[in-house]
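K.L.:
The structure's right below; bear with me while I get my questions together.
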Amino acid sequence: MKTRAPIIAGVDLAATPLNPTGWGTLKGRVISACHLFNDKEIVSKILECKPKLIAVDAPLNLPKNKKITRKADREMQKRGYTVFQNYGKTHCARNKTHTESNSRGIRRH
């Protein structure tokens, strides 16, 4: 008897429902992806495909020292790399969008 391949899902949570949240699934060798916007759409997709595992890319807490950028990100910036790219805008500690993403991830946690 052939076993069914488990479904693995990934969510790249957008800061606000106005921006697209990335959704992807892997079932065996089949990959699918789409954009979702509000939390209801995200929950519906989860219930629809019943994944065995869901990986979520969203901060679940705010840093105590108020530095939104991680040590690794600051090191990359020192070396000339741009981090937190999103639609051509660089997200950094002073950018409201990254803080909104933190807040949305915390609310869903």
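K.L.:
I need Glu48, Glu75, Glu41 ordered by Cβ neighbour count within 10 Å, fewest first.
P.N.:
On the way: Glu48 8, Glu75 12, Glu41 15.
Ascending Cβ contact count within 10 Å gives the list Glu48, Glu75, Glu41.
K.L.:
Cα-based Rg of the stretch 1-57 per 2.2 N^0.38 Å, rounded to two decimals? Intermediate values should be presented prior to the final figure.
P.N.:
Values: Rg = 12.0 Å, N = 57, 2.2 N^0.38 = 10.2 Å.
For the stretch 1-57, the normalised Cα radius of gyration is 1.18.
K.L.:
What does the charge add up to near Lys27, with Lys and Arg as +1, Asp and Glu as -1, over the other residues with Cβ less than 12 Å from its Cβ? Walk me through the numbers before you get to the answer.
P.N.:
Working: positive: Arg4, Arg29, Lys50, Lys52; negative: none.
Charge balance near Lys27 sits at +4.
K.L.:
With a 10 Å Cβ neighbour count serving as the proxy for reagent exposure, in which order, fewest first, do Thr3, Thr21 appear?
P.N.:
Thr3, Thr21
K.L.:
Rank the residues Arg74, Arg4 as a footprinting-exposure proxy: fewest other Cβ atoms within 10 Å of their Cβ go first.
P.N.:
Values: Arg74 13, Arg4 7.
Going from sparsest to densest Cβ surroundings: Arg4, Arg74.
K.L.:
Give, as a single signed number, the net charge of other residues whose beta carbon lies under 11 Å from the beta carbon of Pro51, with Lys and Arg counted +1 and Asp and Glu -1. Kindly include the intermediate steps, with their values, before the conclusion.
P.N.:
Values: positive: Lys27, Lys45, Lys50, Lys52; negative: Glu48.
Computed value for this residue: +3.
Where a number appears in this text, it was derived from the coordinates with a stated rule and is not lab data. None of the values given here were measured: they were computed from a predicted structure. Because the Cβ atoms are built from the backbone with ideal geometry, glycine has one as well, and the counts that use them run over all protein chains shown.
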